[in-house]
Amino acid sequence: MKTLVYLVIGTFFGILMYKSEAASWFRIFEMFEFGAFHMYGIIGTALILGILGVQLIKRFNIKAIGGQEMQLKSKNKSIARYAIGGVLFGLGWALAGVCPGPMYVLAGAGYVSIFVVIFGALLGTFVYGLLKHKLPH
Amino acid sequence: MNWIYDPWPWYIAGPLISFTMFILLYAGKQFGMSSNLRTLCSASGADKAADFFKFNWKKERWNLTVMLGAIIGGFIASQYLSNNTVEVAPDVITKLNVYGIKSAGEAYLPTELFSLEALSSPKNIAILLIGGFLVGFGARYAGGCTSGHAISGLSNLQLPSLIAVIGFFAGGLLMVHFIFPLIFT
């Protein structure tokens, strides 16, 4: 039952990524060219509603299903890892034109080449795991 | 019935993304897509190579299920709900034409990079592979991607997420404005 719920959430998210064109290389390029408001509108509205909702959750101490705490932990304090990791991610985001969610969506949409990107992403994750202790965090 | 193929405008898509995040929060989970890459590495035996992959990945099966759903969603949307073209801004099309990408406005992804024929070019394979590598490496280094930092983290007013998102944009601008002219000439 729980598995089915997550499958439905994922399917909804996949349709959403494809239909909003957030999974399109062209839209990512357009965003970094400041060519249209589309992507900024998507991220901006998601963010405004997200901030409002999280504030409401905290103000009224709303619990997750079964009375457990919501997963709203603070992230570890650091600058280096977020700045360096962020820039590297951004370089890849613009080059391949996808972030991790849309990767899976495009695989389902039948773009065979996206498996090269996914393979690269798995490789990048693996290499990070190997080098983690040697990198500034 | 043409409306069914139309793309969703930003004022529909944005709220639905935060809806996705809140549904997952209500389920006691956190919205984050790139952690699946780590889970997949661990499930494939990467735990033998590095401590980073030694964790109980089976507890993350819920997220792999979301990922599987995203694959199904991509199939449904592309097959039944879309004409698989993206109308980008006219001056963006002009710019892409200069880069030799002529499929703008006629395809969902640039055929020059993503078609099967394009896979016969080592340069294109390198672009896709390096792009993917940077996304995977950068997401884990930064501890999250667009969903984990730009949506979840910023919604929770996390300064680390703000630093990461500024990094995402700095990297993207650097790539498009300084590196693309070198790659696509």
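Every number here is computed from the coordinates shown, using simple stated rules; none is lab data. Note that the structure is a prediction, hence the values are computed from the model and not measured. Reconstructed Cβ throughout: ideal geometry from the backbone, glycine too, with neighbour counts over all protein chains shown.
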Give the residue list of trypsin sites (Lys or Arg not before Pro) in the range B:1-89 that are DSSP loop and have at most 13 other beta-carbon atoms within 10 angstrom. B:K54
So how strong a dipole does the range B:1-82 carry about its Cα centre when Lys and Arg Cβ are +1 and Asp and Glu Cβ are -1, to the nearest 20 debye? 360 debye
Just to be sure I follow: if Rg is taken over the C-alpha atoms of chain A and Rh is the Kirkwood radius over the same atoms, what is Rg/Rh? 1.00
List the residues, sorted by chain then number, that are 5 or more residues from A:S20 or on another chain and whose placed amide H is less than 5 Å from its amide H. B:W8
Angle between the Cα long axis of helix B:122-142 and the longest principal axis of chain B, 0 to 90 degrees, nearest 10? 30 degrees
Alpha-carbon Rg/Rh ratio, for chain B, with Rh computed the Kirkwood way: 0.98
Where a ≥ b ≥ c are the square roots of the eigenvalues of the C-alpha gyration tensor, would you call the range A:1-62 rounded, which needs a/c under 1.5, or, failing that, prolate if a/b is larger than b/c, or oblate? oblate
For a quick check: sort A:M70, B:M21, B:M67 by the number of other beta carbons within 10 angstrom, fewest at the front. A:M70, B:M21, B:M67
Among B:W62, B:S34, B:I4, the residue whose Cα sits farthest towards the positive end of the charge dipole of the range B:1-82, when +1 is placed on the Cβ of each Lys and Arg and -1 on the Cβ of each Asp and Glu, is B:W62
Can you pull the one-decimal nm distance between simple spin-label points at B:I12 and B:L159, each 7 Å off the Cα toward Cβ? 4.0 nm
Can you list which of the DSSP-assigned H helices in chain A have a Cα extent of 15 Å or more along the long axis and an average Kyte-Doolittle score of at least 0.5? A:2-19, A:38-59, A:80-96, A:114-131
Exposed-site-free run, longest, chain A (rule: trypsin sites (Lys or Arg not before Pro); DSSP loop; at most 14 other C-beta within 10 Å): A:1-62
Relative contact order for the range B:1-82 using alpha-carbon pairs under 8 Å, separation at least 6, rounded to a whole percent? 34 percent
5 Å-binned pair-distance histogram of the range B:1-82 (Cα, whole percent): 3, 12, 16, 19, 17, 13, 9, 6, 3, 1, 0
Binning every alpha carbon pair distance of the protein assembly as shown at 10 Å from zero, what are the percents per bin? 6, 27, 38, 22, 5, 0
